[in-house]
1. Which ³J(HN,Hα) values, rounded to whole Hz and listed in residue order, are derived for the range 38-47 from phi using the Karplus coefficients 6.51, -1.76 and 1.60 in 6.51 cos²θ - 1.76 cosθ + 1.60 with θ = phi - 60°, glycine and proline given as x?
2. Subtracting the Cα-Cα distance from 0.36 nm times the residue separation, let me have the gained length for A173 to E223 in nm, one decimal.
3. List, in order, the whole-Hz ³J(HN,Hα) value for each residue of the range 97-107 obtained from phi through the Karplus relation with A = 6.51, B = -1.76, C = 1.60 and θ = phi - 60°; use x for Gly and Pro.
Amino acid sequence: MAIVELVMTLGMLVLLQAVLGFDNLLYISLESKRAPEPQQSSVRKWGIGIAVGLRVVLLFLLIKMISAFEAIWFTISWEGVFEGAFNLHSIIVLVGGVFILYTAMKEIFHMIAVEDFLSEAKRDSSSAKSVVAKIVFMNAVFSFDSILSAIALVNDPNEDYWIMGLAILSGGAMMIWLADGVSTFLQKNRMYEVLGLFILFVVGIMLLTEGGHLSGMKLFGSEIHAMSKTTFYFVITVLVLTEVVQSRYKRKLLLKQQAQQK
């Protein structure tokens, strides 16, 4: 591989890791809040660090054993109601989607519960380890898309393994660098934390549709189609623009009320 082609491939892979790592970073920032406050920064760094190491291992496994991940484990055939042929890839993505939806809904209900909002729940030191474990697990779920996309971008996955590994390490370093900043921003701007939870909710739906598509799932005779990345980012853009407009409108109303009171 020529030097120019090598640099361009590496650049595309790093960009791919950065773009596909957005939802992962959001989840890490929100989930790390469940750890004791003094340990939150280290939880994020340890979680990302361990997850990146496992992602490099997963890259190697996918290259060498991709057939094992795509082999059908079991099928469900309830004609006209529920059908699907599930492999390891689809199972992991579906479980990740359910877990993300559960996490997002639980945090949303937690935020609208007045008694929970006014009083911080007590957490013991073991919760930090459980948070790291959840971050590592969800990073593995998010890894499949980025790794399979990376494999598709290179000419020979076996020969170019080190390029993909370097891109994964670069993406991990960027996530570690940005994690504290994203978490601090969400803590200072609580309304954007609500936006982040709803974005996480959309991520869960995207994973469920992707898992359903991978397994050829049919519900009541209708085939499940994966949500495209274009659709996902369009929905996220609409959510962000809605939040920006709403925030500015509330600010104008507040200024008007203050002027009338004077």
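Computed from the coordinates by the stated procedures, all read-outs in this text should not be read as laboratory data. These numbers come from a predicted model, not from an experiment.
1. Once rounded to whole Hz, the list reads x, 9, 4, 5, 5, 4, 4, 5, 5, x.
2. Numbers: separation 50, 0.36 × 50 = 18.00 nm, distance 3.89 nm.
Extending this stretch completely gives an extra 14.1 nm.
3. x, 4, 5, 5, 4, 4, 4, 5, 5, 4, 5
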